[in-house]
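Following: one structure in structure tokens, then a few remarks.
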Amino acid sequence: MKLLKKLIEAIKAFESWSSLLYSLVAIIIALILGAVFIIAFGYDVRVAFFHLYNGSFGSLYSLSQTLFQTTPLIFAGLAVAIGFKSGLFNIGVEGQLYWGALASAVVGLRVGSWPMAIALPVTLLVGAIAGGIWGFIPGLLKAKTGAHEVITTIMLNEIAILGTTFMTVNYFKVAGPVDQTARLAETVRIPPIVPGGDISSGIIIAIIIVGLTYFLLNKTSLGYDLQTVGNSPKAAEYGGIKSSRMTILAMVISGSVAGLAGSTIIMGRLGRFVTNFSPGYGFTGIAVAVLARNNPIAVLLAALLFGALEAGGMTMQLFARIPNDLIGIIQGLVILFVAAPGFIRLLTKFKTRKEAGERT
Amino acid sequence: MTSDILAVIFNLNTFNAALRLSIPLALGAMAGAFSERAGIINIGLEGMLLMGAFAGVFGSFVTGSAWLGVGFAAVAGILTSLIFAIFIIEFKADHVVAGVGLNILALGFTTWMMQMIWGTRGASPSVASVPAIVIYFLEDIPVIGRLLGIQSPFVYIMLAMILAGWVLMFKTPLGLRIRFTGEHPEAADSQGINVKKIKYFSLLLSGFFCGVGGAYLSLGHLSQFSRNMTAGRGYMALAANIFGQWNPLGGLAASLLFGFTDAMQMRLQGIDIGLANDLIQMLPYVLTIAVLAGAVIKSRPPAALGNHYESGE
């Protein structure tokens, strides 16, 4: 009872209601513009949106596809959000995710004979560490030389994709036309939620990590320090916080969450590392974080939305022959509109002016 | 073995290729210099280059003329930068976030359009491209002849534009106003400079340069557009801009270095040096990081970079 009261109070005190509304408006505008696009090229917008819905929430199978797409996006969005909260723009999630995936695959193959209770967490942890190391590099460069993390992480993405391909082809490839590692043993596979089903329990791990991140950022002094540096590095220095150390730490934490995105994909459905396996989860993670306004809890909802768009987009492409690059266009628009506070102000100004006009 | 590698690296053909490969980077770097000198971080260079590359092929496809394609590319670059400018200047979007949004939008848009027009997701059909030109009196000079005698006209266009850009930025009153805006918008405003107009102008100029740079990728280097054909060059251009100290000439020098690494990388893949191609391909990216890390220690960006400024605030 007490808990419920506390919860209601928390919801009432939630200062981000207006920003939630704001994000909603941004999505609606992006979807409307997407619809304009569909119509402009002679497609039936009802058919498009029907398949978009049908492919994402229309059936149990679709829902499982949506949740499958959502899981890595929760990690990726969270990773970007952690960076943002600390004043850093980690575009390197894609690269961190690749190293996390490969490291988990390689170690997973070695520890497959161990009992699951040890092998599974070890394999996950290794993925997080690998992603963390790949995040450490741009963090260190930023802290020591001031090299902007946006450029360094993008370069590191390319290096990671080439590097994991190199490692796989030269050291871990099994015979076959696809460049991939051997299949992981069941002991290091994240089991499906429903036996035989498609949804892996990776989503439960993702939700736990969301909770841990929320706790880290809002309930610990480290989280406070990180956010202070994010809000104002100068104030942080005055307050005795070593901002360069926080920069490195934030990138490492962000990178390790990104690494988990890769680990859970290959330990879940794929069951092995496959070169070039990510369709750009790291980049969609940027859209997720921006839409969620870096709130870890809101990341869940934003990831679900983009997961649904990814899953629905595939169905739309398959059945209505509408290229699912439309989803990329919508993502880009969402980011632009959410990043632009002035746009909503313009809308509200327009509304109040109209109301004022009606009164006279 | 070592002599083979050196022969491939220090070869006039490599230098020739380096010069060409530096075109989109140098134009992008100058685009970055203009927008950042006016106070706007321009992560959107990648998207502007990509839109230019696409529009170039589209224009050439529709009109049959490669040069009209270049015109299409320039216009597309300007229009893309106009979208960016409206979000940044009018709606006060965070520069970096909006830039990344623009790039994702541009990638989705160009891939979508490719499917709408040509029904393919990978690469467009071949179109008329801009042929190399021969300059007779240069052709006969030993080394210069090999480098500049027979060359893509884009090389000359690029060199002329860089020079014009440098003059504009450092030798004209308008250039002074642009630099003033990025350093101290309040003071610029009080001097009667229309800060907003300057920012629009600088960004649209950025788009123009990127449009032409993108057209080189699709019409000069190749004769088709392929998905995401810029592959991070916009970000490299931004790094080249920082390395070149927000100066078009410095950006050109940095771009030549990047272009050289890229040319070397491509040529090294052609001979067996006992190093996997995946590793060789990393070279330009590794160099970009190294250059950036080394360059920013000494460099000083425009003071008001990344800030929003509203007249009368």
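Placing +1 at every Lys and Arg Cβ and -1 at every Asp and Glu Cβ, with all other atoms neutral, what dipole size does the protein assembly as shown have around its Cα centre, in debye to the nearest 20?
Numbers: 42 positive and 30 negative charges, 246 e Å.
Dipole magnitude for the protein assembly as shown comes out near 1180 debye.
Give me Rg over Rh for chain B, both radii from the alpha carbons and Rh done the Kirkwood way, two decimal places. Mind showing how you got there, number by number?
Details: Rg = 19.6 Å, Rh = 19.8 Å.
In chain B, Rg relative to Rh is 0.99.
What does the charge add up to near residue A:269, with Lys and Arg as +1, Asp and Glu as -1, over the other residues with Cβ less than 10 Å from its Cβ? Walk me through the numbers on the way to the answer.
Details: positive: A:189; negative: A:198.
Residues close to residue A:269 contribute a combined charge of 0.
Report the convex hull volume per residue for the range A:82-127, counting only C-alpha atoms, in Å³. Please report the intermediate quantities before stating the final value.
Numbers: hull volume 2.8 nm³, N = 46.
Hull volume normalised by residue count: 60 Å³.
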Row for the range B:147-218, column shape: gyration tensor on C-alpha, a ≥ b ≥ c, rounded if a/c < 1.5 i.e. under 1.5, prolate if a/b over b/c, else oblate; value prolate
Pair residue A:144, residue B:171: separation of 7 Å Cα→Cβ label points (nm): 4.2
Of the candidates B:178, B:145, B:124, the farthest towards the positive dipole end of the range B:121-192 (Lys/Arg Cβ +1, Asp/Glu Cβ -1, centred on the Cα centre) is B:124
Any idea what the alpha-carbon Rg over 2.2 N^0.38 Å comes to for the range A:118-171? 1.36
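Based only on Cα atoms, what Rg/Rh ratio does the range B:10-84 have, Rh being taken as Kirkwood's radius? Don't jump to the answer; show the numbers that get you there.
Numbers: Rg = 14.4 Å, Rh = 13.5 Å.
Rg/Rh: 1.07.
Tell me the GluC sites (Glu not before Pro) within the range A:131-224 that lie in a loop according to DSSP and have at most 10 other beta-carbon atoms within 10 Å.
Working: sites: A:149, A:158, A:186; in loops: none.
Listed in order of number, the matching sites amount to none.
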Listed residues A:51, A:148 arranged by accessible area, highest first, probe 1.4 Å: A:148, A:51
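Kindly identify the range A:52-126 as rounded, prolate or oblate by the Cα gyration tensor criterion: order the square roots of the eigenvalues as a ≥ b ≥ c, call it rounded if a/c is under 1.5, otherwise compare a/b with b/c, prolate if a/b is larger, else oblate. Don't skip to the answer; put the middle values down first.
Values: a/c = 2.69, a/b = 1.18, b/c = 2.27.
Judged from the Cα gyration tensor, the range A:52-126 comes out oblate (a/c at least 1.5, b/c at or above a/b).
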Two-site label geometry, residue B:187 and residue A:201: point separation in nm, points 7 Å out along Cα→Cβ: 6.4
Starting from the residue with the highest accessible area, list B:297, B:5 in decreasing order, probe 1.4 Å. B:297, B:5
Identify which of B:47, B:213, B:250 has the largest mean-square fluctuation in a Gaussian network model of chain B, with springs joining Cα atoms closer than 10 Å. B:250
Between the alpha carbon centres of the range B:118-168 and the range A:84-104 the gap in Å comes to 38
For residue B:116, what accessible surface area do you get with a 1.4 Å probe? Give it in Å², rounded to 10. 50
Residue B:171 - accessible surface, heavy atoms, 1.4 Å probe, Å² rounded to 10: 140
Which loop-located trypsin sites (Lys or Arg not before Pro) does the range A:199-256 contain, where loop means any DSSP state but H, G, I, E or B and the Cβ has at most 15 other Cβ atoms within 10 Å? A:242
If I model the range A:1-159 as equal point scatterers sitting on the Cα atoms and use the Debye formula, what is log10 I(q)/I(0) at q = 0.10, 0.15, 0.17 Å⁻¹? -0.66, -1.12, -1.14
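Kyte-Doolittle mean at least -1.0 and Cα extent at least 18 Å along the axis: which DSSP H helices of chain B qualify?
B:12-37, B:45-63, B:66-85, B:95-118, B:153-171, B:195-215, B:248-270
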Based on the Cα gyration tensor of the range B:1-132, what are the three equivalent ellipsoid semi-axes, each the root of five times an eigenvalue, rounded to whole Å and given largest first? 29, 23, 14
Considering the options A:276, A:235, B:11, tell which one lies farthest towards the positive end of the dipole of the protein assembly as shown, charges being +1 on Lys and Arg and -1 on Asp and Glu at the Cβ, about the Cα centre. A:235
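I'd like the FRET efficiency for residue A:4 and residue A:46, computed as 1/(1 + (r/R0)^6) with the beta carbon distance as r and R0 of 56 Å, rounded to 0.05. Walk me through the numbers on the way to the answer.
Details: r = 42 Å, r/R0 = 0.75.
With a Förster radius of 56 Å, E is 0.85.
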From the Cα gyration tensor of chain A, with a ≥ b ≥ c the square roots of its eigenvalues, which class applies: rounded if a/c is under 1.5, or else prolate if a/b is larger than b/c, or else oblate? oblate
Would you rank B:84, B:61 by solvent-accessible area, highest first, keeping every protein chain in place and using a 1.4 Å probe? B:61, B:84
Residue B:300-residue B:159 FRET efficiency (beta carbon distance; Förster radius 35 Å; 0.05 resolution): 0.80
Using only the alpha carbons of the protein assembly as shown, determine the length spanned along each of the three principal axes and report them from longest to shortest in whole angstroms. 87, 79, 59
Which whole-number percent of Cα pairs in the range A:222-264 have a distance greater than 14 Å? 47
FRET efficiency estimate (nearest 0.05) - Cβ-Cβ, residue B:194 to residue A:346, R0 25 angstrom: 0.75
Mind jotting down the three principal axis lengths of the range B:64-122 based on Cα atoms? Whole angstrom, largest first. 40, 25, 13
So how exposed is residue A:19, as accessible area in Å² (1.4 Å probe, rounded to 10)? 30
Selected from A:344, A:137, A:91 as most flexible by GNM, with chain A as the system and alpha-carbon contacts under 10 Å: A:344
Dipole in debye (nearest 20) - chain B, about Cα centre, beta carbon charges: Lys, Arg +1; Asp, Glu -1: 280
Separation of alpha-carbon centers, the range A:105-140 and the range A:177-247, rounded to whole Å: 14
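The values are calculated or read from the model by the stated rules, or taken from the named source; none is laboratory data. Quick caveat: nothing in here was measured; it's all calculated off a predicted structure. As a convention, Cβ positions derive from the backbone with ideal geometry for all residues, glycine included, and neighbour counts pool all protein chains shown. Note: areas computed on protein heavy atoms with side chains; ligands, DNA, RNA excluded. Shrake-Rupley method; radii C 1.70, N 1.55, O 1.52, S 1.80 Å.
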